[in-house]
Amino acid sequence: MARPRAQLTQRDGKICVPSTESVRTRTLRTGCAAGERPRTGSIVAFMHFSTPQLPVTVRMFTRRLSATRRGAHDARQLTVTTLRGWDVSSSVTDRAEHIVAELAANAAVHALVRGRGFRLGLRLDTTTGTLRLELTDARGDRALVPPGTASADSESGRGLLLVGALADRWGSEPYPPSGKTVWAEIDSDRF
């Protein structure tokens, strides 16, 4: 047997249906008349007015990872996943992926301190069009080897040369008390 349809009324832009809730409570809370409640699924009945919010212009992500090959792999995957979630263009995401892979591998191989990991930081500023990638490790005592100093038959020493080619700017700064942060920035007008 079909259920009878409730009588709908409209009061001040709200769609109301019959209710058994107390008259005073319902009127104060919903604006519907005595013996009525907002209709289920009524967008108008459940709309709350709030202060307008400014759009998000800076997004940040930080994660501590182990200074191992697995940690370097995780840093690369987290970078790609986060940037895709932020709707960053694929060309910028690809560049960032390679930069983080090199910096994380350096942190895992050259800046290893037993029991200490490294920190991955991503910062997207849509007003300036800049993506900043940071890797902070515990070895501030080890200076960066200038790119291009590897010999022709050396198996390593070209990572920072690759970072310099992919990033628009890069460098390092001390991270107190004993660490350092290696950073790279990518500029784009399409984020």
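No lab work stands behind these numbers, since they all come straight from the coordinates. Everything quoted here is computed from the prediction, not taken from an experiment. Note: ideal-geometry Cβ built from the backbone for every residue, glycine included; neighbour counts use all protein chains shown.
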_Full-extension gain in nm, ALA165 to ASP187, via 0.36 nm per residue minus C-alpha separation_ = 6.6 nm
*Stretched out fully, how many nm does the piece from ARG63 to ARG158 gain, at 0.36 nm a residue minus the Cα gap?*
31.6 nm
*Taking the Cβ of ASP168 as the centre, find all other residues whose Cβ is under 9 Å away and add up their charges (Lys, Arg: +1; Asp, Glu: -1).*
-1
*ARG84 to THR128: extension gain in nm, 0.36 nm per residue of separation minus the Cα-Cα distance?*
13.9 nm
